[in-house]
Amino acid sequence: MLELRNVTWSLPDGEVIIDDLTLSIPEGRLSVVTGPNGGGKTTLAKLIAGLVKPTSGQILLGGRDITELDVTQRARLGISYGFQTPVRFKGLTVQGLLETAAGRALSFEEMCELTGKVGLCTMDYIDRDVDASLSGGEIKRVEIASVLARGTQVSIFDEPEAGIDLWSFNGLVDVFSALKQRGMTMVIISHQQRLLDIADEIIVISSGQLRVQGAHDRVMPGLLAGEIAGHCPAGRKVGA
């Protein structure tokens, strides 16, 4: 289990972005973190991944204190992070990226399994460069495949819907639905109702604090009614 205990993170000027946050991420479930813009969701994801370190408090993975570990050390322990805008690598093929993520050469069958899980045809993609020639939806799928290649305990995706078209987004929802059935521990930062609809657990963050956490069927009605933090899932202020 991943735990945050009384975690605070502040900007150099003293502005508090995450405020004394205590939170447990359930193992083997899909958790979607949502809430108003500027509420601290992306900062929460970066804190878990080790891209930034708390000003105070603790972060634990499986009972081990990982607060002082950097992003590389946490990656070795099994935490992966998918950026809003995936990094593109000129001169690196999809196969090269997946093998780098896996830390070894992959057989054609293994490549097929990885690309198939994210809805890509192996023969069409293994020799493609991970560069601007890939669409937004394609690069997001390749990034998810690279996370799968690493076999991490916890996979974090920061607004995977950002910058992609409706058709690609629908495909990503299908990918996450399939991965959910495999019992992966996933944390997705998102406003999108379709991702909220497939969540096992919904976590609402506002003003750097935990507003509510619980099973989809318990939390979702309050979100739709605008009763939680005064916002609906799309991030629009109720009544605006």
Exercise for review: Check whether at least one residue in the stretch 198-206 is polar (S, T, N, Q), crowded, with 18+ Cβ neighbours inside 10 Å and not in a loop (DSSP other than H, G, I, E, B), and report yes or no.
Suggested key: yes
Practice item. Being touching a helix residue (DSSP H, G or I) at 6+ places or on another chain (Cβ under 9 Å) and under 27 Å from Gly39 (Cα atoms) is the filter; apply it to the stretch 158-167 and report the residue that is surrounded by the most Cβ atoms within 10 Å (Cβ to Cβ). Key: Pro160
Point to revise | Enumeration of residues in the stretch 115-127 that are over 18 Å from the mean Cα position of the chain (by Cα) and closer than 14 Å to Ala145 by Cα | key: Thr115, Gly116, Gly119, Leu120, Cys121, Thr122, Tyr125, Ile126
Exercise for review: State which residue pairs qualify: first residue touching a residue at least 60 places away in the same chain (Cβ under 8 Å) and inside the stretch 196-211, second residue among the acidic types (Asp, Glu) and in a strand (DSSP E or B) in any location, beta carbons under 8 Å apart, and separation of 6 or more residues or different chains.
Suggested key: Ser207/Asp19; Gly208/Asp19; Gln209/Asp19; Gln209/Asp20
Check your understanding: Based on what the data block shows, is Thr152 out of contact with any helix residue (DSSP H, G or I) (no Cβ under 6 Å at 6 or more places or on another chain) and touching a residue at least 24 places away in the same chain (Cβ under 8 Å)?
Key -> yes
Practice item. Please enumerate the residues belonging to the stretch 116-134 that are among the aliphatic types (A, V, I, L, M) and either at pLDDT below 90 or not in a helix (DSSP H, G or I) (or both). Key: Val118, Leu120, Ile126, Val130, Ala132, Leu134
Practice item. Please find, among Gly222, Gly214, the residue that is touching a strand residue (DSSP E or B) at 6+ places or on another chain (Cβ under 9 Å), part of a strand (DSSP E or B) and not basic (Lys, Arg). Key: Gly214
Study note, to complete from the structure: The residue from Asp20, Asp70, Asp65, Asp13 that alone is among the acidic types (Asp, Glu), in contact (Cβ under 8 Å) with a residue 24 or more places away in the chain and surrounded by fewer than 16 Cβ atoms within 10 Å (Cβ to Cβ) is Asp20
Exercise for review: Considering each of Arg150, Arg128, Arg141 in turn, give the residue that is crowded, with 21+ Cβ neighbours inside 10 Å and among the basic types (Lys, Arg).
Suggested key: Arg141
Review point. Just a yes or no: is a residue in the stretch 178-186 in contact (Cβ under 8 Å) with a residue 60 or more places away in the chain and assigned to a loop (DSSP other than H, G, I, E, B)?
Key: yes
Review point. Scanning the stretch 123-137 for residues that are touching a helix residue (DSSP H, G or I) at 6+ places or on another chain (Cβ under 8 Å) and without any contact (Cβ under 8 Å) to a residue 40 or more places away in the chain, which turns out nearest to Phe89 (Cα to Cα)?
Key: Arg128
Review point. Going through the stretch 1-35 one residue at a time, which ones are within 17 Å of the chain's Cα centre (by Cα) and not hydrophobic (A, V, I, L, M, F, W, C)?
Key: Glu3, Ser24, Pro26, Glu27, Gly28, Arg29, Ser31, Thr34, Gly35
**Study point:** Considering residues of the stretch 47-62 that are touching a residue at least 60 places away in the same chain (Cβ under 8 Å) and within 15 Å of Ile156 (Cα to Cα) only, the residue farthest from the chain's Cα centre (by Cα)
**Key:** Leu61
**Study point:** Check on Leu172, at pLDDT below 85, under 16 Å from the mean Cα position of the chain (by Cα) and crowded, with 22+ Cβ neighbours inside 10 Å
**Key:** yes
Exercise for review: Go through the stretch 77-114 and count every residue that is loosely packed, with under 15 Cβ neighbours inside 10 Å, among the hydroxyl-bearing types (Ser, Thr, Tyr) and under 23 Å from the mean Cα position of the chain (by Cα).
Suggested key: 2
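The values are calculated or read from the model by the stated rules, or taken from the named source; none is laboratory data. Just so it is clear, the model here is predicted, and its values are computed rather than measured. Virtual Cβ from ideal backbone geometry, glycine too; neighbours counted across all protein chains shown.
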